[in-house]
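To keep things clear, I will list the structure first and then write my remarks on it.
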Amino acid sequence: MTVRSYKCLPFVALIAFMTLGCAGEFEAHPLTYSKSKLVTDIKDAPKQEAVVRGLAELFGPSPREIKVPEGLAVRAGGRFLANFEADETGGRSPIVVSTSEDVQIGGGYGLYRKHCLHCHGVSGDGAGPTADYLYPRPRDYRKGTYKFTSTTAGAKPSHDDLWKTINYGLHGTSMPGFEALMTPLEIEQVIDYVVFLSIRGETEILMAQDVADGAWDEEIAAEKAAGVPTEWYKQPLNSKIYPKAAETAKTVSDKWAQADSQIQNTPKPRLASTNDSILRGRELFLGKTLERLECWGCHGLQGIGNGKSFVDKRVFEKVMFGKHVYQAVNTDEDRAIALIQSTAERFSEVKDERAARLAANGIGHGHSSHHGDHSPLDGWLATITTKSSGGATQEVLQEKVSHEFPGLRVALKLDEKAEQPVLTLTPKGSVKPQLVEDVTPGIRHALVSALSGVTETKGWVITYNGQIEIPAEATDSQKKLAEVRSQMLAGKVREQLLENFPGSQVNIVLTTEAPKTEIEVVPMDSANSGSTTNMTTLVSESVNQVKSYFNKVQTDWTGSMDDWQWPLRPANLNTGTYKGGRRPIDIYWRIAKGINGAKMPAHETTLKPDQIWDLVNFVMAVPNRPELLRDATEPVRNDAPKPPQVANR
């Protein structure tokens, strides 16, 4: 790699360049920068070419011919990106570092190509040849966003942040530490090149956005009228678009220049990790203080990364590691279909898991009778609130429920304002929330059936008229997705109805037209059923359970994406593995200012420094003290005014 310097004419007199290239080394094929999707999405060819030219005029047309504008926030003006320096006559001399013996440097580009390119790609886009086999995906530098930093939220990483990541790696990921593979001087050179790629990539994104919005139309038209000179990228002195590109690059570069001055120091030293501090942190984590944090909503009540704010962990694993659709060869359509298929598979598994948990507690099929006086639901109260009882008395409801759920007491409450029957389940004593959640659907179905006058479902004919919702002017891909989703949903609706209404016949009709009636119920023997209206309402509830599950998974999946549009998971705090570092200060930074590009919010405006340290002490204690979260329960909210929320999940 060679550095070449030359002077610029007055048009860009304040901007000098250093041209870098590689000489004499073997290269199987020329390495080229990949274009950002924002660039390829520009359909107007002259506009797309303007972005490509602007980048080449600023940073060089390829990794072999790198330019570094003077003033760019890269150490020594980018000199250590190369390993040779050329003068104006073409002569070359090696770039050396002064040690006891002068040693020629490898140069940031050469070292990056050797150690980093296979994961992070030529352009730093995180799409190197090994990237498809890794989770999490290698970082895409082009957005200029780095997760684990010591600087204020949203700021660029400090030099030490990048050094720590490259030297030690990121625990729990495929990013290794290079402490044993590179010298400190070599790591410094790689940092230079990573910063260069990041500035180039973010400049490309901003340029593409401006060009697409028409901000460069005047310059592009002037350039077209003037004509493009031969080898324009070597001497962009008369370029009409260069000043716009340079202005954009300076905006990005200035942010990097400020990074080391934006390091966030802790206002107070760490609190001692006493039991009191750890327990205070536990209460904060579980949202049981006035601050009402939602840590448990993402990390889960047991801290294993299965909180309800994120998509079901098993759905995530099916899509990411079962379907293998997040590789370069896969399309957005492949990923959407994989999510739909995984949702359908998981729906059946959730029901089986619920039945297994109930059976383990002595509830459900095969457990309708109990020896002696004890039943798992003894002392539990089920209050059903409805507008009309349909002639059913509390005694009738009690008799209906007692067969399937012995020990459960029933209370009937009439309320003209109740649009739909509402079930309130009050367990006796302290029980796990999971048990209440598991037993609720069965109890509700039994009570609503009794209210509807349904005693037998054998002989019912149920027709589900589903609509294939295809958007107007949909592409072939969108049409296919709509059909796949409707078919998968209908299959689970059929499964649900056959389970909830044994002995019935279920018909599925799918059409692109909106059906007049989604549910049709015809009893073969009116003597064994309630009114058709009540029966239809009962069936609709079962159908809506399926639809709600599919919709929730889709919503949760969309909300589980990071800024690079890759699915992510909250950390499992029980393993003691912290990607951004396990020092107390590392965890303090994660809690105080959040994680850039991820769903971890900043808490520095909500919590006092001592409270953050309490959370740090708690998080660091969890791996060695599993009892801290063993019996954790969701916080009980009252009607008191809420303070500002930490984050909307």
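Using C-alpha pairs below 8 Å separated by at least 6 residues, the relative contact order for the stretch 461-556 is 39 percent.
If R0 is taken as 22 Å, the Cβ-Cβ distance between A226 and E247 corresponds to a FRET efficiency of 0.65. Over the stretch 67-195, the alpha carbon radius of gyration divided by the compact-protein estimate 2.2 N^0.38 Å works out to 1.12.
Dipole check for the stretch 47-170: with +1 at the C-beta of Lys and Arg, -1 at the C-beta of Asp and Glu, and the Cα centre as origin, the magnitude is about 520 Debye.
Taking only the alpha-carbon positions of the stretch 403-454 and ignoring solvent, what does the Debye formula give for the base-10 log of I(q)/I(0) at q = 0.16, 0.22 Å⁻¹? Each listed q corresponds, in turn, to -0.54, -0.97. Ranking S560, S402 by solvent-accessible area of protein heavy atoms (1.4 Å probe, all protein chains present), from largest to smallest, gives S402, S560. The modelled label-to-label distance for the pair N275/S540, using points 7 Å beyond Cα in the direction of Cβ, is 5.7 nm. Between F321 and V436, full extension at 0.36 nm per residue minus the direct alpha carbon distance yields a gain of 38.2 nm.
Scale the Cα Rg of the stretch 394-518 by the rule-of-thumb value 2.2 N^0.38 Å and send over the ratio, two decimals. Can you show the working numbers first?
Details: Rg = 19.2 Å, N = 125, 2.2 N^0.38 = 13.8 Å.
With N residues counted in the stretch 394-518, Rg over 2.2 N^0.38 Å equals 1.40.
Against the chain, whose longest principal axis is taken from its Cα atoms, helix 159-168 shows a tilt of about 70°.
With a 1.4 Å probe and all protein chains left in place, how much of the accessible area of the chain comes from carbon and sulfur atoms, in whole percent?
53 percent
Take every Cα pair under 8 Å whose residues are at least 6 apart in sequence, average their separation, divide by the length of the chain, and the relative contact order is 14 percent. Rg and Dmax of the stretch 145-256, both derived from C-alpha coordinates alone, stand at 18.6, 55 Å. Full extension of the chain between H374 and K547 gives 58.5 nm of extra length, using 0.36 nm per residue less the Cα-Cα distance.
Calculate, for T455 and R292, the FRET efficiency according to 1/(1 + (r/R0)^6) with r their C-beta to C-beta distance and R0 41 Å; round to the nearest 0.05. Walk me through the numbers before you get to the answer.
Numbers: r = 46 Å, r/R0 = 1.13.
My answer for the efficiency is 0.35.
Considered as an equivalent ellipsoid built on the Cα gyration tensor, the stretch 492-621 has semi-axes of 52, 17, 13 Å, the largest given first.
What do you get for Rg/Rh of the stretch 264-366 when both radii come from the Cα atoms and Rh is the Kirkwood radius? Computed over Cα atoms, the ratio is 1.15. Entry comment: accessible area of the stretch 525-602 is 41 Å² per residue, from protein heavy atoms only and a probe of 1.4 Å. Here the scattering of the stretch 545-594 is modelled by Debye summation over its C-alpha atoms, one equal scatterer each and no solvent; at q = 0.31 Å⁻¹ the log10 of I(q)/I(0) is -1.10.
The dipole here belongs to the stretch 255-317: it is taken about the Cα centre, uses +1 on the Cβ of Lys and Arg and -1 on the Cβ of Asp and Glu, and is about 60 debye.
In debye to the nearest 20, how big a dipole does the stretch 117-253 give about its Cα centre with +1 on each Lys and Arg Cβ and -1 on each Asp and Glu Cβ?
Values: 13 positive and 19 negative charges, 34 e Å.
It works out to roughly 160 debye.
Ligands, DNA and RNA are left out, and with a 1.4 angstrom probe the accessible area of the stretch 242-341 is 48 Å² per residue.
Gain on full extension, evaluated as 0.36 nm per residue between E469 and E499 minus their Cα-Cα distance, stands at 8.2 nm. With a point put 7 Å past each Cα toward its Cβ, work out how far S174 is from Y133 in nm, to one decimal. In this crude spin-label approximation the distance works out to 0.8 nm.
Projecting the Cα atoms of T183, W557, A272 onto the charge dipole of the chain, computed from C-beta unit charges around the Cα centre, puts A272 farthest toward the positive end. Between the Cα long axis of helix 184-212 and the first principal axis of the chain there is an angle of about 70°, rounded to the nearest 10. Once the Cα atoms of helix 584-593 and of the chain are each reduced to a long axis, what angle between those two axes, in degrees from 0 to 90 to the nearest 10, is obtained? For 584-593 against the chain, the angle is about 80 degrees.
Percentage of Cα-Cα pair distances in the chain greater than 38 Å, rounded to whole percent?
Numbers: 107053 of 210276 pairs.
Value for the chain (Cα pairs over 38 Å): 51 percent.
The values are calculated or read from the model by the stated rules, or taken from the named source; none is laboratory data. Predicted model only: the values in this text are computed from it and were never measured. Because the Cβ atoms are built from the backbone with ideal geometry, glycine has one as well, and the counts that use them run over all protein chains shown. For the accessible areas, the whole protein counts, side chains as well, though only heavy atoms, and no ligand, DNA or RNA atoms are used. Shrake-Rupley method; radii C 1.70, N 1.55, O 1.52, S 1.80 Å.
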